[in-house]
Amino acid sequence: MREHELSAEPTHSLWDRTLKPRLHIGPGDEVQIECVDASGGQVTPGMSTAEYLQIDRTKIHALSGPIWVKGAEPGDVLQVDVLATRHSGWGWTSVVEGLGFLKERFREPYLFHWLLEGESTRSLTPAVVPVRPFLGVMGVARADDGSFRTRPPGPFGGNLDVRELCAGSTLYLPVYNQGALFSCGDGHAAQGDGEVCINGIECPLDVTLGFALHKRQPLAGPIVEAGNSIAPDSSGDAWIVVETGTDLADTARAATNRMVDLLMSRWGFSDVHAYLLCSVALKLRLSQVVNEPVHTVSAALSKQILPARELFAI
């Protein structure tokens, strides 16, 4: 196992499998990664709303990477372990006209600044908001040729905004290109399900990630193995299937189908027994509803109700 460091700059704000890797690593290595905030470092503490409206929005989701993982090939699974996160003590949340789940009601632009005090923030009096940092964007290069904006997530991962991906959790991603070409960014200090106003608490975030590779393993889309360090009001220790689509009902149905398939393939359930278990124990969550027209649904099953196992043999 080797340890590496990756600075944020130069960032990129597009998925493009022709991007030159900034770091080459091997399976089993760990990387300390510096990530700027979602604005690409343009938002600063104390910035006014008027100044915020002038930022360059082509830099949104400024990502660190890509990272080339030696031996990764199409058809493999990349395992990304979130080992540690470190925020910088401040963050921001905004309202942008024309964006957000309630965009017809909230039309006036607004920028709010947060002071992050360790594991909580009291900036929005009288609320005390727990701080549980995670990366909103973690993904590998897409299978398609061309350059693509980072806002829509997909089977490759990307802008998932799954708040369970904090320290102690693991993300499994299908590989579509040689080297996988992993990138990450869009740090959040906290986020509610849905990220309804368009932002969580956006913040610069340094992370330590571990990487493993599972050869020749079919995977239709991201799976999260949530750890025990996440917020008590979240899904707890859980297996989480993440699905993206343009219709919420169809997306929730796809996530449920994938969970049924996972229970059958990894725990030996029959299809109908897996279906029954989902009906009595599955948690369907709206991870994000604001990246229109694409939405993200997470289907979670507590680890407490299933025999312990690893999804893939390392």
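Structural remarks
- Only residues that are acidic (Asp, Glu), at pLDDT 95 or above and more than 17 Å from residue 159 (Cβ to Cβ) were counted across region 3-18, and they come to 2.
- Output for region 119-163, where each listed residue is of a type in the set (Lys, Arg), over 20 Å from residue 192 (Cβ atoms) and at pLDDT below 95: 149
- Taking the listed residues 298, 270, 279, the one that is modelled with pLDDT of 95 or more and touching a strand residue (DSSP E or B) at 6+ places or on another chain (Cβ under 6 Å) is 298, with no other qualifying.
- Number of positions in region 90-145 that are among the basic types (Lys, Arg) and in contact (Cβ under 8 Å) with a residue 60 or more places away in the chain: 2
- Qualifying residues in region 119-137 (those that are closer than 13 Å to residue 190 by Cβ and polar (S, T, N, Q)) - the one farthest from the chain's Cα centre (by Cα): 123
- Filter result for residue 209 (over 30 Å from residue 103 (Cα atoms), of a type in the set (A, V, I, L, M) and not in a helix (DSSP H, G or I)): yes
- Looking across region 90-118 at every residue that is under 17 Å from residue 166 (Cα atoms) and at pLDDT 95 or above, the one that is nearest to the chain's Cα centre (by Cα) is identified as 91.
- Qualifying residue in region 5-14 (condition: within 19 Å of residue 211 (Cα to Cα) and not in a loop (DSSP other than H, G, I, E, B)): yes
- Search result, residues across region 1-31 that are in contact with a Leu (Cβ under 7 Å, 6 or more places away or on another chain) and within 17 Å of residue 80 (Cβ to Cβ): 4, 6, 21, 22, 23, 27, 30, 31
- In region 261-269 there is at least one residue matching the filter, namely being aromatic (Phe, Trp, Tyr) and free of Cβ contacts under 8 Å to residues at least 12 places away in the same chain.
- Residue within region 199-211 that is out of contact with any Asp or Glu (no Cβ under 6 Å at 6 or more places or on another chain), farther than 27 Å from residue 87 by Cβ and modelled with pLDDT of 95 or more present: no
- One residue stands out among those in region 62-100 that are of a type in the set (A, V, I, L, M) and not in a strand (DSSP E or B): the one that is nearest to residue 15 (Cα to Cα), which is 62.
- Taken over region 170-197, the residue count meeting the criterion of being on the phi < 0 side of the Ramachandran plot, assigned to a loop (DSSP other than H, G, I, E, B) and surrounded by fewer than 24 Cβ atoms within 10 Å (Cβ to Cβ) is 9.
The values are calculated or read from the model by the stated rules, or taken from the named source; none is laboratory data. Please read these numbers as outputs of a predicted model, since none were measured by experiment. Please note: Cβ atoms are built from the backbone with ideal geometry, for glycine as well, and neighbour counts cover all protein chains shown.
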